[in-house]
1. Let me confirm something: among Thr118, Thr71, which residue is among the polar types (S, T, N, Q), closer than 29 Å to Pro199 by Cα and open to solvent by 20 Å² or more (accessible area, probe 1.4 Å)?
2. Can you work out which of the residues in region 245-255 that are free of Cβ contacts under 8 Å to residues at least 40 places away in the same chain and surrounded by fewer than 21 Cβ atoms within 10 Å (Cβ to Cβ) is farthest from Arg285 (Cα to Cα)?
3. Taking region 257-293, which residues are without any contact (Cβ under 8 Å) to a residue 12 or more places away in the chain and farther than 19 Å from Trp235 by Cβ?
4. Out of contact with any Phe, Trp or Tyr (no Cβ under 7 Å at 6 or more places or on another chain), within 30 Å of Thr12 (Cβ to Cβ) and surrounded by fewer than 23 Cβ atoms within 10 Å (Cβ to Cβ), is that true of Glu234?
5. Working only within region 50-67, note down all residues that are among the hydroxyl-bearing types (Ser, Thr, Tyr) and surrounded by fewer than 19 Cβ atoms within 10 Å (Cβ to Cβ).
6. Out of curiosity, is Val20 open to solvent by 50 Å² or more (accessible area, probe 1.4 Å), within 18 Å of Ala274 (Cβ to Cβ) and among the β-branched types (Val, Ile, Thr)?
7. Quick check, is Phe140 assigned to a strand (DSSP E or B), within 25 Å of Asp186 (Cα to Cα) and touching a residue at least 24 places away in the same chain (Cβ under 8 Å)?
8. Would you be able to say whether some residue in region 270-293 is under 22 Å from Arg6 (Cβ atoms) and in a helix (DSSP H, G or I)?
Amino acid sequence: MTSGGRRLGELTIARALEMVMPFERFAFFPETTPDDWAPHESWLKPRAMDPASGALLFPVQSYLVRTRHHTILIDACVGNHKERPTRPLWHQKTDDAYLRALAALEVAPEDIDFVMCTHMHSDHVGWNTRLEGGRWVPTFPNARYVFTRRELEAWEHGHEKFSRAPLEDSVLPVIAAGQAELVTNDFALDDEVWLEPAPGHTPDHVTICLASGGERAVMCGDVMHSPVQCLHPEWTAWPDWDAAQAKRTRRAFMERHCGTDTLICTAHFPLPSAGRIVAQADAFRLVDDDAEW
């Protein structure tokens, strides 16, 4: 990838990859069976499924969007020094892979104008903050962080499946620092960048839409996690807050964009992690983007 990234009209989109994370497939999709996976193993391996273990392989990455006016970071990965005991590869991590990935894009934390958050799971907000002198401070000191108010309120209320830790170490310190913008799920930064509601995975999960020069893209966050969900949008991912709503959102999202030129930028599909949705039988598939990243 060049430091300039992929063109989209007058915008550029680039990736900052923190890691590739293995997930045990029957734990992540707990309603599935070996028979469900059998037709898909050959095409998922080796990019989306480890050939040896059968684990799903999920990139953990941010998208960096440069407009004529702003430098925008979309989702902020796992972060360092975070207490994540159920995820050993995330727990108290201390590497510099993510900051090196940003540096390779010729961007420093001070250069980010906006951090936009699709939702508040720990692998999407972790680098919002860094540990300094024993306290959490915003990693991006000049940025406004965009969260939806309803997502924040849901996390403050809590959910039996999820720890409050990401809220407390990666969101509330940003609010305390006065750098948060609490918005509705149809917020528009300008006519090139705006939010659209995509609830289910979390209560106010959003997608982030881009448009420039007649071209369009959508950062879909965790509407779907693996390419297999294009063929099986009914498969429930364990982290889905409201499974029924997540299924409806996932299918509606793919129906809406199927057969269009909209570039779908996923959080966790194998690289290039982006492409266009086309019909396949009574479901869908993502055709990889062939542009240079």
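The values are calculated or read from the model by the stated rules, or taken from the named source; none is laboratory data. Model, not experiment: these values are computed from the prediction. Cβ: placed from backbone, ideal geometry, glycine included. Neighbour counts: every protein chain shown. Ligands, DNA and RNA are excluded from the accessible area calculation, which covers all protein heavy atoms including side chains. Shrake-Rupley method; radii C 1.70, N 1.55, O 1.52, S 1.80 Å.
1. Thr71
2. Result: Ala252.
3. Asp290
4. In short, no.
5. Matches in region 50-67: Ser53 only.
6. Considered against the rule, which asks whether it is open to solvent by 50 Å² or more (accessible area, probe 1.4 Å), within 18 Å of Ala274 (Cβ to Cβ) and among the β-branched types (Val, Ile, Thr), Val20 comes out as yes.
7. Considered against the rule, which asks whether it is assigned to a strand (DSSP E or B), within 25 Å of Asp186 (Cα to Cα) and touching a residue at least 24 places away in the same chain (Cβ under 8 Å), Phe140 comes out as no.
8. The answer is no, given that none of the residues of region 270-293 is under 22 Å from Arg6 (Cβ atoms) and in a helix (DSSP H, G or I).
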